[in-house]
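Student: Have a look at this one before I ask anything.
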Amino acid sequence: QDIDEDQYELVSLLVGRSLEESDLKLSILAVGDDDQNIYRFRGANVGFIKRFHDDYKASVSYLVENYRSSANIINASNLLIAENQDRMKTDRPIIVNKAREMLPKGGNWQVSDHLAKGRVQVLQVRNKVEQAAAVLAELKRLKGISDQFSLANTAILAREWRELDLLRTYFEEEDIPVNLNWGKSS
């Protein structure tokens, strides 16, 4: 999913895609998530996943079980990603993995957070200053609810790094460590 045109061509050359004799070609396995492809990291786009399928006559396995997020987060995510026009899994929503199906839809926060109750929140703000302040305030609120909450295990995603500059400044003023991970997703 994080591949650009030059990298795609390099892989094609290495595996011998254009070779006539199949015994000379290497086997290749690719993993890509069209839902994560929205970030367009380094010129990546869903077209390379589709092209791989066509170029290599690849079989497709859909991995749609989520092992990390609560049902509320997954449901909200499904509503958002359903709008992606290039999405390949349109008939396969993301689901909670089988082992966690019986957990509360809001996870542990459904019980401990009396305000949001584990629901996904939309915080209305007027500008970037209010946005940064609201994010910081919400993280402090969550930290105050549970000793289990760790800022070190918290991620803030943005489409572009400059959108995080003000928030990083707020964090530094509060002596909250910031770790930037460019283009990494898991």
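The values are calculated or read from the model by the stated rules, or taken from the named source; none is laboratory data. Since we're looking at a predicted model, the values are computed, not measured. Note that we place each Cβ from the backbone using ideal geometry, even for glycine, and neighbour counts take in every protein chain shown. To get the accessible areas, we keep the full protein, side chains included, count just its heavy atoms, and leave off ligands, DNA and RNA. Shrake-Rupley method; radii C 1.70, N 1.55, O 1.52, S 1.80 Å.
The rows are residues; the columns are (1) acidic (Asp, Glu); (2) within 16 Å of residue 33 (Cβ to Cβ); (3) in a helix (DSSP H, G or I); (4) over 16 Å from the mean Cα position of the chain (by Cα).
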| site | (1), (2), (3), (4) |
| --- | --- |
| 61 | no, yes, no, yes |
| 69 | no, yes, no, no |
| 72 | no, no, yes, no |
| 79 | no, no, yes, no |
| 84 | no, yes, no, no |
| 89 | no, yes, no, no |
| 93 | no, yes, no, no |
| 102 | no, no, no, yes |
| 111 | no, no, yes, yes |
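Student: Considering only the stretch 153-176, state which residues are farther than 23 Å from residue 114 by Cα, assigned to a helix (DSSP H, G or I) and not β-branched (Val, Ile, Thr). Explain how you work it out, then say what you get.
Tutor: If we filter the stretch 153-176 for residues that are farther than 23 Å from residue 114 by Cα, which is where we start, we get 157-176.
Next, from what is left, pick out any that are assigned to a helix (DSSP H, G or I): 161-173.
Correct list: 161, 162, 163, 164, 165, 166, 167, 168, 170, 171, 172, 173.
Student: Next up: Tell me which residues, restricted to the stretch 1-27, are closer than 20 Å to residue 60 by Cα and either modelled with pLDDT of 85 or more or open to solvent by 100 Å² or more (accessible area, probe 1.4 Å) (or both). Can you show your working first?
Tutor: Looking only at the stretch 1-27, we keep the residues that are closer than 20 Å to residue 60 by Cα, and these are 1-3, 8, 11-12, 15, 17, 25-27.
Answer for the stretch 1-27, where residues must be closer than 20 Å to residue 60 by Cα and either modelled with pLDDT of 85 or more or open to solvent by 100 Å² or more (accessible area, probe 1.4 Å) (or both): 8, 11, 12, 15, 26, 27.
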